[in-house]
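Enquirer: A single structure is presented below for examination.
The values are calculated or read from the model by the stated rules, or taken from the named source; none is laboratory data. Everything numeric here is computed off the predicted structure, so don't read it as measured data. To get the accessible areas, we keep the full protein, side chains included, count just its heavy atoms, and leave off ligands, DNA and RNA. Shrake-Rupley method; radii C 1.70, N 1.55, O 1.52, S 1.80 Å.
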Amino acid sequence: MHTSRLLLRTGPALAAAAALPLVLAGPSTAASGISVSTTGSTVSAVTSACTQINGSWGKAALLTSRQANFAQGRQMALAGTTVSQSAAWPGVRPGTYTVVVVCSSGSTAGTQSVVVSSPSAPTISATSSPAPSRGVLGGLGGAARDYGPLTLGLGAALVGTGVIATGWYLRRRSKPYRL
């Protein structure tokens, strides 16, 4: 019961958060039918527009600025499922490229340009974080929360009262009974 109420409360927010990247992507990805991205020197293309015919989803080609048509490009077969098909080209040199995806039916799923930038050299920086000003808050329960002087005073008074009461009780027990 508690879980279903929680899902009813958070469900619309989760759906809106999931749809946000699709809304922000805008019409450029939706109009072309493909999504192209780069990670380092690897170019990836993803589409959901193709259907499988005779065991093939289709092909994708990576074209340089000097190549004019699909046949001249670096071709890769699409792989995937009915939901999503993709192709990737590793080891792509820096420059501007055009990715064209043609489904096995012969229809073009989309065309999109991509820029592959040169990898930047890693930078080594000698940064250090400053040491905590108060150290570890261990000891009298300070690791969980920083207590104020009033709380610490009341705690000390309770501990002191307990010590005095324990001493008084033990002293009374040690005396012989008087009749």
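Enquirer: Short version: ³J(HN,Hα) in whole Hz for each residue of the stretch 56-73, in order, from phi by Karplus 6.51 cos²θ - 1.76 cosθ + 1.60 (θ = phi - 60°), x for Gly and Pro, what are they?
Expert: 10, 8, x, 9, 10, 10, 9, 10, 7, 5, 8, 9, 9, 9, 4, 5, 7, x
Enquirer: Please compute the length gained on full extension between Val115 and Ser174, using 0.36 nm multiplied by the number of residues separating them and subtracting their Cα-Cα distance. Before the final figure, lay out the partial values.
Expert: Values: separation 59, 0.36 × 59 = 21.24 nm, distance 8.97 nm.
Computed gain between Val115 and Ser174 is 12.3 nm.
Enquirer: Then there's this: What figure, in Å² to the nearest 10, do you get for the accessible area of Thr108 with a 1.4 Å probe and non-protein molecules left out?
Expert: The accessible area comes out at roughly 90 Å².
Enquirer: Within the stretch 37-101, what whole-number % of the accessible surface is contributed by carbon and sulfur, with the 1.4 Å probe and all protein chains included in the calculation? Intermediate values should be presented prior to the final figure.
Expert: Values: 1880 of 3630 Å².
The value for the stretch 37-101 is 52 percent carbon and sulfur by accessible area.
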